[in-house]
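The structure appears below as structure tokens.
The values are calculated or read from the model by the stated rules, or taken from the named source; none is laboratory data. On a predicted model such as this, the values are computed, not experimentally measured, just so you know. Please note: Cβ atoms are built from the backbone with ideal geometry, for glycine as well, and neighbour counts cover all protein chains shown.
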Amino acid sequence: MDFFNYRNGELYCEEVPVREIASREGTPLYIYSRRTLLHHHERLREAFPEPDFLVCYSIKANSNLAVIQTLQDAGCGFDVVSVGELKKARMVGADPEKIIFSGVGKTEEEIRHAIRSGILMINIESDEELIAVDHVARAEGKRAGVAVRLNPDVDPSTHEYITTGKEENKFGIPIPEAREVLRKCARLPGIQLLGLHVHIGSQITTVDPYVKAVERTIALAKELEEEDLPIRYINMGGGFGIDYRRGEALSAADIGEAVRPLASGGRWKLLIEPGRFIVGNAGILVVQALYRKQMGKKRFLVTDGGMNDLIRPSLYGSYHRIWPVVTDEPEGEGSFPAADIVGPICESGDFLAKDRKIPPVEAGAYLAVFSAGAYSFAMASNYNSRPRPPEVMVDGKDWKVVRKRETFEDLIRGESTWESGSA
Ligand SMILES: *Cc1c(COP(=O)(O)O)cnc(C)c1O
């Protein structure tokens, strides 16, 4: 479900023709639908209602301030993985009591910043990190609320790069070792043990792995209670899949129905950390066709958007639906000749799609790359010294640039040349 739709052969974001924004702002260009963001957030809130549940948006999926602020205004909590994300959340007025800090490699400075901000909890990923948090908290004269991230050894059946809860992944602590770490929490004066955390991967499209992971987590929570180590929060992480093609995603209601009974009764507060589910389908990347090229049987469509703008196809082999912004055939895959849709970057791995059948387009045509709201602009780079694209947010008939296109000055900010004697 999203608010990108064709009307009379022309793609609209909510009430605004995509062509209008693209011709004013140029391409490549990201466009976000505010209504879609809010829609997904509301579905999750219905499936996981407060006060027994708390939705914490995982900012790393899309950290544009307007996105964070839209969710803040809707009452969402936040999951952050850096001081930069923490500061952005605070900037838009996020309540520290609704912020959690994740990540395997937090520095001492990040830990200090998190503790000083008074956030709800830090997710601990190793025994050594626990000791570091205890030290910093004591030096600050505080107790840091923590959850211990478990590695529940559950296979979420997703891409290996976005699997995080199997034994061979770097994330979390296997349950047998976690018992020792959890007992240690009770002995450290700088630590207040609040919860157990799991996050098993991303783009997960079945409920089974969640049920398994939450069952294992709750079994451990019960065990700990018997040892007089009460657990207040169960954090089941994020990873809820979205439709990149059609019909693969779970609904928020499906996930809620499967998981709620496990954690019901108000004995624990259940946290979820969705990123992709909220923003993934709320964004598109608009690119412009530059050249058509044929070599033997192989056809290419070269566009002005490449792997520096959207790296997911190159990095994970991800599928993004791509379709002309203006077309007589807004639906269907059709019997068009297949082409690789590629960017301008000097890498053979620079493609948006391989062997894709789309209606024939001329140079100058705009193409929409769908489901580009999550891990898309957030992973954009300046490779090949290309400025990053602008981001636009649409709300009904209104739209606004919420991040300007970078300029040459932005590209060279902080750089200097080497002149003899200047060191
Ligand atoms: C990235 C991440 C998430 C969000 O994952 P999505 O697949 O975008 O929902 C949640 N929790 C943690 C700990 C993460 O690292």
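Brief remarks on what is shown
- Selection of region 153-165 for residues being in contact (Cβ under 8 Å) with a residue 24 or more places away in the chain, more than 9 Å from PRO209 (Cβ to Cβ) and more than 10 Å from the ligand (Cβ to nearest atom) yields HIS159, TYR161, THR163.
- Count of residues meeting criterion [acidic (Asp, Glu) and over 30 Å from ILE242 (Cβ atoms)] in region 113-172: 5
- Residue count for region 27-82, restricted to those that are part of a loop (DSSP other than H, G, I, E, B), aliphatic (A, V, I, L, M) and touching a His at 6+ places or on another chain (Cβ under 8 Å): 1
- Single residue of GLY343, GLY275 found to be on the phi < 0 side of the Ramachandran plot and within 16 Å of the ligand (Cβ to nearest atom): GLY275
- Within region 62-75, tally of residues that are away from the ligand (no atom under 16 Å from the Cβ) and on the phi < 0 side of the Ramachandran plot: 7
- Of all residues in region 28-61, those satisfying the criterion of being surrounded by fewer than 24 Cβ atoms within 10 Å (Cβ to Cβ), more than 16 Å from the ligand (Cβ to nearest atom) and closer than 22 Å to VAL401 by Cβ are ARG34, ARG35, LEU38.
- Single unsatisfied condition, LEU86 versus (1) in a helix (DSSP H, G or I); (2) within 16 Å of the ligand (Cβ to nearest atom); (3) in contact (Cβ under 8 Å) with a residue 60 or more places away in the chain: (3)
- The criterion of being in a strand (DSSP E or B), away from the ligand (no atom under 16 Å from the Cβ) and touching a helix residue (DSSP H, G or I) at 6+ places or on another chain (Cβ under 8 Å) holds for GLN288.
- Residue in region 14-21 that is closer than 19 Å to ILE322 by Cβ, out of contact with any His (no Cβ under 8 Å at 6 or more places or on another chain) and not in a helix (DSSP H, G or I) present: yes
- Among the conditions (1) surrounded by fewer than 14 Cβ atoms within 10 Å (Cβ to Cβ); (2) within 16 Å of the ligand (Cβ to nearest atom), the only one that GLY373 does not satisfy is (1).
- For region 298-343, a tally of residues being aliphatic (A, V, I, L, M) and over 20 Å from the mean Cα position of the chain (by Cα) returns 9.
- When the residues of region 115-145 are filtered to those that are in a strand (DSSP E or B) and within 14 Å of the ligand (Cβ to nearest atom), the one that is nearest to GLY77 (Cα to Cα) is MET121.
- Per the conditions (1) more than 21 Å from the chain's Cα centre (by Cα); (2) surrounded by fewer than 17 Cβ atoms within 10 Å (Cβ to Cβ), the sole criterion not satisfied by ASN382 is (1).
- Enumeration of residues in region 238-284 that are out of contact with any helix residue (DSSP H, G or I) (no Cβ under 8 Å at 6 or more places or on another chain), modelled with pLDDT of 95 or more and under 28 Å from VAL392 (Cα atoms): GLU273
- In the set THR205, THR303, only one residue is crowded, with 16+ Cβ neighbours inside 10 Å, of a type in the set (Val, Ile, Thr) and in contact with an Asp or Glu (Cβ under 7 Å, 6 or more places away or on another chain); that residue is THR205.
- Condition check for GLU168: more than 17 Å from the chain's Cα centre (by Cα), surrounded by fewer than 24 Cβ atoms within 10 Å (Cβ to Cβ), closer than 30 Å to ARG312 by Cα and without any contact (Cβ under 8 Å) to a residue 12 or more places away in the chain: yes
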